[in-house]
1. Considering (1) part of a strand (DSSP E or B); (2) touching a residue at least 24 places away in the same chain (Cβ under 8 Å), say which one residue 94 fails and leave the rest.
2. Are any residues in region 112-131 crowded, with 16+ Cβ neighbours inside 10 Å and over 10 Å from residue 75 (Cβ atoms), and if so, which ones?
3. Kindly evaluate residue 126 against the criterion of being farther than 22 Å from residue 69 by Cβ, in a strand (DSSP E or B) and small (Gly, Ala, Ser).
4. Just to confirm my filter: which strands (runs of 3 or more DSSP E) fall fully inside region 1-88 and include at least 3 residues that are modelled with pLDDT under 85?
5. Look through region 61-103, keep the residues that are of a type in the set (S, T, N, Q) and surrounded by 13 or more Cβ atoms within 10 Å (Cβ to Cβ), and return whichever of them is nearest to residue 34 (Cα to Cα).
Amino acid sequence: MRTSKVVIAGALLLAGLAVLPVMADLHGEAESDNGVYSVSYTSAAGKSAVNKMHEWVLHVETPDGDPVENAEITVDGGMPAHDHGLPTAPRVTEYLGDGDYRVRGLRFHMRGEWIVTFDIREADRGDTVTFELTL
């Protein structure tokens with residue numbers, strides 16, 4: 001009888017933890033696939049919770065450190081292991097200057113491995129960068 005109470009208590013504890021928001025520092029940097037850009041991002045709030053809307057600031061520069069001005073940037077992503085995309089349609093909403101772009105509409109609806117991909121285009125060049133996240 002005691003063993004079953006422990007098992008039930010453990011299951012209830014795990015079920016409760018499954019609905020708590022997971023907090024993770026969200027920041028990273030990477031070179032684009034073909035080395036055209038150096039890209040970094042930060043969560044504007046410094047933290048991001050699972051199943052909460054948030055925004056990022058994306059910084060794009062050349063490998064020489066020059067900011068990339070007024071690029072066209074599209075956002076995509078998802079959970080490759082679950083074979084689904086993002087539950088929202090995030091997008092770049094404004095150019096902030098000095099190579100910084102505001103990205104709004106990001107939401108990760110569950111824990112696990114996620115990717116966020118940015119396709120960056122300007123007048124005569126373009127490239128793609130993908131960030132991998134674990135929430």
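The values are calculated or read from the model by the stated rules, or taken from the named source; none is laboratory data. Just so you know, these numbers come straight off a predicted model, no measurement behind them. Note: ideal-geometry Cβ built from the backbone for every residue, glycine included; neighbour counts use all protein chains shown.
1. Every condition holds for residue 94 apart from (2).
2. Result: 114, 120, 122, 126, 127, 128, 129, 131.
3. Values: farther than 22 Å from residue 69 by Cβ: no; in a strand (DSSP E or B): yes; small (Gly, Ala, Ser): yes.
No, not satisfied.
4. On the way: elements: 23-31, 38-49, 54-61, 72-79.
Result: 23-31, 38-49.
5. Start the filter on region 61-103 by keeping residues that are of a type in the set (S, T, N, Q), which leaves 62, 70, 74, 88, 93.
Still in the running and surrounded by 13 or more Cβ atoms within 10 Å (Cβ to Cβ): 62, 74, 88.
Details: 62: 12, 74: 17, 88: 28 Å.
The selected residue is 62.
For every residue, the table says whether it meets (1) out of contact with any helix residue (DSSP H, G or I) (no Cβ under 8 Å at 6 or more places or on another chain); (2) under 13 Å from residue 26 (Cβ atoms); (3) β-branched (Val, Ile, Thr).
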site	(1), (2), (3)
74	yes, no, yes
80	yes, no, no
124	yes, no, no
134	yes, yes, yes
